[in-house]
Amino acid sequence: MTEDKSAGWATYYEKLRDRPPRRTLLAALDRFGAPSPDALVIDLGCGDGRDVVEMLRRGWRVVAVDAEREALRQLQARPLPAGSDLTPIVARLEEVPLPIGVSLVNSSFAMPLCDPEAFRSVWERAMVWPARQLGRTARHDLRQPRRGARPARRLRA
């Protein structure tokens, strides 16, 4: 069963291989500007690295986390910018510790894959980073949905 699941992700990554980084990430990186030499970003659910490569290209140190070994294998097979500082970690979102000093947390599509029982804990840990740089409040009251917010659907891989 795990092999079938991994094969499914491999097919998914292959179909998306040439897609550019997500617009939401590009907007966030543009707001941050040039990172300091020690700036660290963690990408939760990095997949095959379409966002990771852009962060590396812009000079960020990147911790890339994914539960699928195949994702990290494909990430490491990509042509990475010279001098890249990449730390790949195989782990589920619920299990990975967020390193001290993280400047940015990226999770473009992975949060719906988080175990629903652990979602709040993962979200609160991710919101500790200095979001003020993006002009937002780092803490959100998860009990009060935004006006017009719709309930999220759980996606299955």
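Couple of notes before you dig in:
- Residues of the range 37-65 that are outside any helix (DSSP H, G or I), within 19 Å of Glu14 (Cα to Cα) and touching a helix residue (DSSP H, G or I) at 6+ places or on another chain (Cβ under 8 Å): Gly45, Cys46, Gly47, Asp48, Gly49, Ala64.
- The range 74-99, subset in contact with a strand residue (DSSP E or B) (Cβ under 9 Å, 6 or more places away or on another chain) and farther than 27 Å from Glu14 by Cα, residue surrounded by the fewest Cβ atoms within 10 Å (Cβ to Cβ): Pro99
- Taking residues in the range 12-35 that are farther than 15 Å from Leu56 by Cα and outside any helix (DSSP H, G or I), and partners anywhere that are of a type in the set (A, V, I, L, M) and at pLDDT 90 or above, not one pair has Cβ atoms closer than 7 Å while being at least 6 places apart or on different chains.
- Pairs with Cβ under 9 Å, 6+ apart, first in the range 66-86 and assigned to a strand (DSSP E or B), second among the polar types (S, T, N, Q) and at pLDDT 90 or above: Leu86/Gln76
- Meets criteria (surrounded by 15 or more Cβ atoms within 10 Å (Cβ to Cβ), over 15 Å from Asp43 (Cβ atoms) and at pLDDT below 85) for Pro112: yes
- Subset of the range 62-73 that is of a type in the set (A, V, I, L, M, F, W, C) and more than 10 Å from Gly45 (Cβ to Cβ) - its residue that is surrounded by the most Cβ atoms within 10 Å (Cβ to Cβ): Val62
- Any hit, the range 26-39, residues being surrounded by 20 or more Cβ atoms within 10 Å (Cβ to Cβ) and under 12 Å from the mean Cα position of the chain (by Cα): no
- Filter result for the condition that a residue is among the basic types (Lys, Arg), under 22 Å from Arg92 (Cα atoms) and modelled with pLDDT of 90 or more, over Arg22, Arg61: Arg61
- From the options Val105, Val53, Val41, residue that is modelled with pLDDT of 90 or more and touching a strand residue (DSSP E or B) at 6+ places or on another chain (Cβ under 8 Å): Val41
The values are calculated or read from the model by the stated rules, or taken from the named source; none is laboratory data. A quick note: this is a predicted structure, and the numbers were derived from the prediction, not measured. We place every Cβ from the backbone using ideal geometry, glycine too, and count neighbours over all the protein chains shown.
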